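A.B. asks: I'd like to ask some things about the structure below.
The values are calculated or read from the model by the stated rules, or taken from the named source; none is laboratory data. Keep in mind that this is a model prediction, so the values were computed, not measured. All Cβ positions, even for glycine, are placed from backbone atoms using ideal geometry, and neighbour counts span all protein chains on display.
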Amino acid sequence: MTEDAPRLYLIAPPNAGDAAFPDQLSAALDAADVACVRLRMRDSSESEIGRAADRLRPICHDRDVALLVSDFVGLVERHGLDGVHLESRSAKAVRDARKALGADRIVGAYGGASKHTGMSLAEAGADYVSLGPIGDGVGLGEETATPDLFKWWFEMIETPVVAEGRLDLAAAAALAPFIDFLAPSHSVWEHPDGPAAAVRAYAKALSD
């Protein structure tokens with residue numbers, strides 16, 4: 001865990017392939033410091049995700065923001081992406097992705113709310129581990145990640161940690177001392193004043 005303020009890690013919405021999204025993303029990235037954007041288009045085909053990646057990559061890279069894709073390891077080199085985020089909670093998947101992508105690309109992984117799973121992913125070589133979901137009822141019956149889990153990780157584990165889920169500003173402020181990255185999703189793209197306003201608000205909550 002760094003002593004600096006956590007950085008924002010944006011999770012693109014399911015409609016990231018729409019024609020209007022590049023302008024929304026540009027506005028969000030220009031609003032405050034963002035470290036990373038993840039494409040997570042679960043209901044889209046690999047080719048659709050690849051086309052979206054080609055549209056969004058220059059927007060991210062012109063601003064020195066990493067662009068990752070969820071799970072589709074094969075898209076990383078093909079579309080000039082910075083890495084992959086694995087949602088399978090599998091240490092073997094982390095090792096396989098590292099072997100395929102080499103040391104220079106990012107391999108991140110989702111550990112749910114489990115200390116054991118998170119540690120396994122870190123030991124397998126993940127560059128970061130994301131923990132979640134956060135918030136009541138978010139996980140559809142899945143155990144949620146608590147502030148105590150992030151505090152434990154901060155004290156015990158060197159691998160950077162991402163907090164993700166249906167976050168709000170209060171959760172961001174409460175978690176800020178114990179995380180490296182904050183990954184809000186819906187609350188950014190559904191903000192009534194637009195994604196730029198949401199990004200500015202989250203950045204303020206993390207730095208105050």
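A.B. asks: Among the residues of region 44-78, write down those that are touching a strand residue (DSSP E or B) at 6+ places or on another chain (Cβ under 8 Å), within 21 Å of ASP23 (Cβ to Cβ), assigned to a loop (DSSP other than H, G, I, E, B) and not aliphatic (A, V, I, L, M).
C.D. replies: Residue satisfying the conditions is ARG63 alone.
A.B. asks: Looking at region 112-128, which of its residues are part of a loop (DSSP other than H, G, I, E, B) and farther than 24 Å from ALA66 by Cβ?
C.D. replies: Listed by number, the residues that qualify are ALA113, SER114.
A.B. asks: Within region 34-43, restricting attention to residues that are in contact with a strand residue (DSSP E or B) (Cβ under 9 Å, 6 or more places away or on another chain) and among the charged types (D, E, K, R), which residue is farthest from ALA97 (Cα to Cα)?
C.D. replies: Going through the qualifying residues, I end up with ARG42.
A.B. asks: Right, LEU167: at pLDDT below 95, assigned to a loop (DSSP other than H, G, I, E, B), within 15 Å of the chain's Cα centre (by Cα) and farther than 24 Å from HIS61 by Cβ or not?
C.D. replies: Spelling it out, LEU167 is indeed at pLDDT below 95, assigned to a loop (DSSP other than H, G, I, E, B), within 15 Å of the chain's Cα centre (by Cα) and farther than 24 Å from HIS61 by Cβ.
A.B. asks: Of the residues VAL65, VAL73, VAL94, VAL84, which is at pLDDT 95 or above, over 20 Å from TRP189 (Cβ atoms), surrounded by 16 or more Cβ atoms within 10 Å (Cβ to Cβ) and under 14 Å from the mean Cα position of the chain (by Cα)?
C.D. replies: Step by step, each of VAL65, VAL73, VAL94, VAL84 is checked, and only VAL84 is at pLDDT 95 or above, over 20 Å from TRP189 (Cβ atoms), surrounded by 16 or more Cβ atoms within 10 Å (Cβ to Cβ) and under 14 Å from the mean Cα position of the chain (by Cα).
A.B. asks: Any residue at all in region 21-35 that is under 17 Å from VAL107 (Cα atoms) and free of Cβ contacts under 8 Å to residues at least 60 places away in the same chain?
C.D. replies: No: region 21-35 contains no residue that is under 17 Å from VAL107 (Cα atoms) and free of Cβ contacts under 8 Å to residues at least 60 places away in the same chain.
A.B. asks: Turning to a different aspect of this structure: What number of residues in region 1-31 are in a helix (DSSP H, G or I) and either modelled with pLDDT under 95 or surrounded by fewer than 19 Cβ atoms within 10 Å (Cβ to Cβ) (or both)?
C.D. replies: Result for region 1-31: 5.
A.B. asks: Quick one: how many residues across region 114-153 are modelled with pLDDT under 95, under 30 Å from LYS99 (Cβ atoms) and crowded, with 16+ Cβ neighbours inside 10 Å?
C.D. replies: 3
A.B. asks: For residues that are farther than 18 Å from ASP193 by Cα and under 18 Å from the mean Cα position of the chain (by Cα), tally how many sit in region 18-42.
C.D. replies: 10
A.B. asks: Quick check, is ALA109 of a type outside the set (Val, Ile, Thr) and either touching a residue at least 60 places away in the same chain (Cβ under 8 Å) or not in a helix (DSSP H, G or I) (or both)?
C.D. replies: The answer is yes for ALA109.
A.B. asks: Counting just the residues of region 170-201 that are in contact with a strand residue (DSSP E or B) (Cβ under 6 Å, 6 or more places away or on another chain) and either in a loop (DSSP other than H, G, I, E, B) or of a type in the set (S, T, N, Q) (or both), which one comes out surrounded by the most Cβ atoms within 10 Å (Cβ to Cβ)?
C.D. replies: ILE179
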